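I have placed the structure first, in the form of structure tokens, so that the comments after it can refer back to it.
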Amino acid sequence: AGGPGSAMAAAAWPELEAAGRERRRELSLSGAAVAERVAAGGGRLPAALLALPLLQSLELSGCAALRELGPGLAAALPALHTLVLRGNALGPAGLGAGLGGPLPALRLLDLSGNGLEALPAALGGAGPAEEEAATAPAFPQLRSLNLSGNRLRELGPGLARAAPQLQALLLSGNRLRALPGGLLPPAGGGAALPGGPFPLLSRLEAADNEVEELGADIAALPALKSLDVGNNQLRELPAALADCPRLKEANFRGNQLKDKRLEKMVNGCQVKAILEYLRAGGRGKGKAESAREEARKKKREKQQKKDGRDGEQDELEEASKLLVKVLHISENPVPLVVKATPGIKDVRPFIVCCVLKGVNLKPGNALKRFLTVQTKLHEDICEKRTAATIATHDLQLIKGPLLYDVQPPDELKITPLGRKEIKAKDLLRQLQLEAEEQRKQKKRQNVSGLHKYLQLLDGKDNYPCLVDAEGVVISFPPITNSEKTKIRKQTRDLFLEVTSDTSLQICKDVMDMLILKIAELNRLTLENKEDSGSDNESDALCGPVNLNPSQNVQPMNLPLVVEQVRVVDTDGNLKVLYPSKTDLTTASSLLTVIR
């Protein structure tokens with residue numbers, strides 16, 4: 001690849017020159033100009049890319065001209081932890097040369113939408129690399145692999161060896177016939193894997209395939225929490241599903257299940273009931289009772305058709321799908337950025353943020369329900385704020401960029417919700433006195449769960465805070481956020497933050513759930529007749545549904561927009577981007593995400 005041609009190619013890539021000069025850790029290439037240059041280079045990545053050894057995140061998407069990665073990519077970019085090659089024209093051979101060597105730091109690999117009919121050898125496809133993978137995994141740290149939107153008919157057991165730490169495997173929109181199928185090595189076949197195949201795999205998505213068989217060996221995935229096999233050709237579900245100890249979310253809708261009682265549970269998303277039914281051997285009721293239930297069902301359906309409500313209900317369900325559109329950083333002219341200082345590492349190191357636009361809190365009880373949702377999430381998934389804390393702000397009242405920082409307790413000042421400006425140490429003392437008083441009144445031995453989170457800051461020399469561009473503290477996690485950015489009925493656009501001293505993943509899980517709940521609330525508000533100008537606090541949860549398409553159906557189809565927000569360190573290096581390709585997927589059976 002030497003000679004004058006390569007010099008010309010390097011000169012044609014100013015993005016690469018700038019990345020090398022500025023010692024960048026991340027690089028994103030897309031658009032028509034990039035596609036033209038790739039085509040001019042023979043459908044390969046430019047050689048100059050191999051001269052950026054500091055790269056940790058690389059994205060090259062939507063380039064139909066890209067057919068080959070070119071040799072040496074893995075060896076040249078040893079620090080790479082994120083590689084997104086979505087919507088290109090890469091085949092197994094074109095991938096093989098670039099992924100021919102190990103990528104020891106890679107945690108996320110996105111190969112969706114490439115039309116792959118087989119996996120490259122490095123990912124366990126047929127080839128000599130499969131033998132090497134038995135002793136040295138090519139991707140020892142890989143956590144998320146996205147193979148959606150390809151033409152894969154089967155997967156080989158080599159993937160379990162190539163990526164032993166895999167946690168999320170996304171296979172939707174392929175041509176798979178069986179699951180797990182060839183993913184799991186046959187019993188007694190070859191060298192045993194420590195801890196078994198895929199000991200950490202918690203999310204498996206294979207919707208919109210041609211799956212006719214869900215094998216009993218699905219129970220061999222001990223960490224499986226979320227399974228999506230919607231819109232396939234399954235006729236039955238294996239009883240072994242009940243042996244998946246951690247399975248909490250599952251989507252089996254869009255199949256032609258023979259057991260109609262089971263199908264009813266599936267359509268109602270009753271995962272716990274489904275597993276109990278399968279554990280009991282299915283068809284828990286006798287044949288006579290099942291027949292009576294079927295007869296009652298037919299009678300109800302006949303009555304619905306007679307009343308002419310059937311078609312209207314279908315129309316409403318279609319209109320009421322929960323839609324969320326992700327606005328990528330590259331599409332946002334003024335993206336919000338959060339800069340995290342080194343001091344937060346020892347206090348409350350994890351933070352995830354995003355912007356959510358298009359929320360409607362004006363009608364009736366919408367704001368009250370919104371605040372109730374936050375309270376419930378704090379009680380449940382946030383474990384009374386001890387695992388994570390949510391803060392929601394009116395975006396219009398925030399001046400970016402934001403700084404996630406620490407300050408001493410006697411210097412940190414905030415105007416808490418519903419209170420006057422106060423120093424953090426005085427606020428904590430005040431809240432502790434209130435907690436103790438509440439304990440005495442209720443005659444408890446311990447403080448209530450509501451105030452347990454106060455102890456999270458015990459012994460800390462500095463307290464965490466989120467500060468806007470004007471130096472105003474808008475959030476003091478896990479205690480409170482500011483009156484300045486308080487959400488009101490008129491608020492349409494939100495800035496959402498989740499912080500934790502436990503893990504980044506819990507922040508992402510909480511944020512996923514928060515967005516899902518807000519989307520559900522937004523739909524509920526649009527479905528119910530409520531006076532948008534009213535301050536009436538009566539709950540409209542059971543209000544009448546408006547079936548007038550001109551008034552309701554169209555607004556219900558308008559998606560909420562989630563804008564990506566980057567959290568960077570003080571040098572500008574990316575710490576976390578939300579939502580990334582792997583976020584907002586656990587709720588995929590309830591949420592349609594337009595990316």
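Could you pull out the pairs from LYS339/LYS420; LYS345/LYS460; LYS399/LYS486; LYS486/LYS575; LYS357/LYS484 whose alpha carbons sit more than 24 Å apart here?
LYS339/LYS420; LYS486/LYS575
Across the range 24-128, counting alpha-carbon atoms alone, Rg and Dmax equal 12.6, 37 Å. The string of couplings for the range 58-69 from the Karplus curve (6.51, -1.76, 1.60, θ = phi - 60°) is 10, 10, 9, 10, x, 10, 5, 7, 7, 10, 9, 7 Hz, one whole number per residue in order, with x for Gly and Pro. Given a Förster radius of 51 Å and the C-beta distance between ALA18 and GLN432 as r, what FRET efficiency does 1/(1 + (r/R0)^6) yield to the nearest 0.05? Plugging the Cβ-Cβ distance into 1/(1 + (r/R0)^6) gives 0.45. Cα gyration tensor of the range 330-471, axes a ≥ b ≥ c as square roots of the eigenvalues: rounded (a/c below 1.5), prolate (a/b > b/c) or oblate? It comes out oblate by the Cα gyration axes.
Determine the sum of side-chain charges near GLY42: Lys and Arg each +1, Asp and Glu each -1, restricted to other residues whose C-beta is under 12 angstrom from that of GLY42.
Once all neighbours under 12 Å are counted, the net charge is +2.
Per the Debye formula on identical point scatterers at the alpha carbon atoms of the range 165-275, with no solvent, log10 I(q)/I(0) at q = 0.11 Å⁻¹ is -0.33.
In loop segments of the range 465-514 as defined by DSSP, the GluC sites (Glu not before Pro) with at most 11 further C-beta atoms inside 10 Å of their C-beta are GLU470.
When you filter the GluC sites (Glu not before Pro) in the range 314-422 for DSSP loop state and at most 15 other Cβ atoms inside 10 Å of their Cβ, you are left with GLU383, GLU411, GLU421. With a cut-off of 14 Å between beta carbons, the residues surrounding LEU241 carry a summed charge of -3, where Lys and Arg count +1 and Asp and Glu -1.
Between ALA39 and LYS248, the FRET efficiency estimated from the beta carbon spacing at R0 = 41 angstrom works out to 0.35. Remark: relative contact order (the range 332-445) = 29 percent; criterion is Cα-Cα distance under 8 angstrom and separation of 6 or more residues.
Amide H contacts of GLU563: LEU327, VAL355, LEU356, LYS357, each under 5 Å away and 5 or more positions distant or on a separate chain (H built 1.01 Å from N in the peptide plane; Pro and chain starts excluded). Taking the Cα centre of the range 350-453 as origin, work out the dipole magnitude from +1 charges on Lys and Arg Cβ and -1 charges on Asp and Glu Cβ, in debye rounded to 20. My answer is approximately 460 debye. With a Förster radius of 56 Å applied to the C-beta separation of GLU470 and ALA75, the computed FRET efficiency comes to 0.70.
Values quoted throughout were computed directly from the atomic coordinates according to the rules given, and no laboratory measurement underlies them. In this text the structure is predicted, and so the values were computed from the model without any measurement. Neighbour counts run over all protein chains shown; Cβ positions are idealised from the backbone, glycine included.
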